[in-house]
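Each remark here refers to the structure printed beneath this line.
Where a number appears in this text, it was derived from the coordinates with a stated rule and is not lab data. Note that the structure is a prediction, hence the values are computed from the model and not measured. When we count neighbours, we look across all protein chains shown, and the Cβ atoms used for this are built from the backbone with ideal geometry, even at glycine.
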Amino acid sequence: MNSNGENQSIEVDQRPLSYSDLKRWLGLLVLLIAAALLAWALKAVLLLFAVVFLVAMVLNPIIAFLQRRRIPRGLAVALLGLVFVGGFALALSFLIPPLLTQIDDLIRQTPEIWNRVQAQAATFGRRYPSIQQAIPEADQVLNTVGARSGDLLRLLFESSFRIVGGLFGSVFAVLLLVFILINPGPLVFRFLTLVPDHYREASRRTLLRLTQQMAAWAHGVIINGTISAITTGLLMALIGVQPALVFGFIAFLGEFVPMIGPVLTSIPALFVALSIGLDKFGLALLAVLFVQQVETNILVPFILGKSMELNPVSILFFTLAMSSLFGLTGAVLSVPATALFKIVIDEFYLRQKLRNEHQIQSQANQIILGGAERDLDKR
């Protein structure tokens with residue numbers, strides 16, 4: 001009886017592709033293409049919702065902590081909002097004015113800084129003529145690097161303000177965040193309801209693990225960024241490369257773009273140091289390398305490594321892919337995308353594969369121990 005059923009299943013699996021099957025697969029392909037085109041057309045809206053959901057995942061553990069202390073969820077959201085508004089007002093009154101002043105000074109001094117960099121390059125070429133002959137177009141290289149550095153700075157600030165800029169988008173994002181934090185239950189319930197029954201438990205674990213990972217990521221980025229900003233600012237001030245406060249702030253922003261962000265955001269400080277002199281440039285380069293080594297070998301493994309366990313190659317791939325698709329916003333979302341990809345693979349493929357391997361191993365043990373032969377005798 002069992003062999004007949006197996007033969008029938010094999011015959012069904014090997015039947016030729018019919019016209020209805022072909023039509024169904026083509027319809028599915030057209031539906032997927034239409035969904036991809038619609039998602040690409042609405043990528044700005046989807047990115048906004050992705051950022052809001054990411055922030056909600058980061059803040060939800062705080063709200064849940066207050067809720068466990070018998071504080072109503074709405075009141076907990078209001079208290080958290082007051083804390084953020086108070087912190088922003090404090091930063092606005094003490095930190096923002098000198099920061100904006102130094103940024104303005106840096107912008108106004110950029111032409112003079114660039115002229116000094118060219119003079120330093122010319123002096124270096126006269127001192128070492130063999131190097132100048134080996135690199136005959138060094139001035140063009142410096143011009144290209146300077147232009148790219150300016151583009152990088154402009155892209156960094158324009159993209160940063162574009163993410164949070166715009167009155168309508170900001171108000172909409174804040175309102176959406178408040179609504180999600182006050183009552184996230186219906187969203188989670190609908191999400192789990194739409195998932196097929198045999199994938200519901202894996203989907204629940206995926207959502208729970210992603211929430212924990214995002215909280216750990218935000219915690220680590222803020223701590224790493226603060227330490228890197230303070231260390232960079234102090235070292236640049238000791239070396240005499242100003243404005244040190246701006247360079248510390250840029251170093252903090254660079255932490256949101258994994259791996260390549262700290263490298264790119266160190267270019268403005270090195271550029272200003274080169275305009276002062278080669279000795280200042282060497283000291284600034286040593287300071288940047290020191291900060292990055294401390295971050296790579298101590299801060300990231302200690303703060304993020306234990307909680308996220310993400311492969312650096314995967315992070316770099318998603319950083320380049322997301323930034324090429326969605327710009328700086330995509331680069332900021334690269335770590336969440338990497339974590340989501342890893343969790344989905346773990347829950348929907350590796351866990352099932354591991355379960356199958358355990359089942360196969362159990363069956364193999366039965367065969368080795370003669371259990372399968374006894375089962376056949378019973379039949």
**Request:** With respect to Leu340, determine if the residue is touching a Ser or Thr at 6+ places or on another chain (Cβ under 9 Å), without any contact (Cβ under 8 Å) to a residue 60 or more places away in the chain, crowded, with 16+ Cβ neighbours inside 10 Å and under 30 Å from Arg200 (Cα atoms).
**Result:** no
**Request:** Look at Pro258 and say whether it is in a loop (DSSP other than H, G, I, E, B) and buried (at least 22 other Cβ atoms within 10 Å of the Cβ).
**Result:** yes
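Residues Leu316, Leu285: which one is under 26 Å from Gln109 (Cβ atoms) and in contact with a helix residue (DSSP H, G or I) (Cβ under 8 Å, 6 or more places away or on another chain)? Reasoning before the result, please.
Working: Leu316 fails: under 26 Å from Gln109 (Cβ atoms).
The match here is Leu285.
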**Request:** Confirm whether Leu270 is under 30 Å from Arg204 (Cα atoms) and surrounded by 16 or more Cβ atoms within 10 Å (Cβ to Cβ).
**Result:** no
**Request:** Would you check if Arg68 is free of Cβ contacts under 8 Å to residues at least 12 places away in the same chain, over 30 Å from Met322 (Cα atoms) and not aliphatic (A, V, I, L, M)?
**Result:** yes
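From Val288, Val300, Val263, Val344, grab the single residue that is farther than 30 Å from Leu48 by Cα and part of a helix (DSSP H, G or I).
Every option except Val288 fails the conditions.
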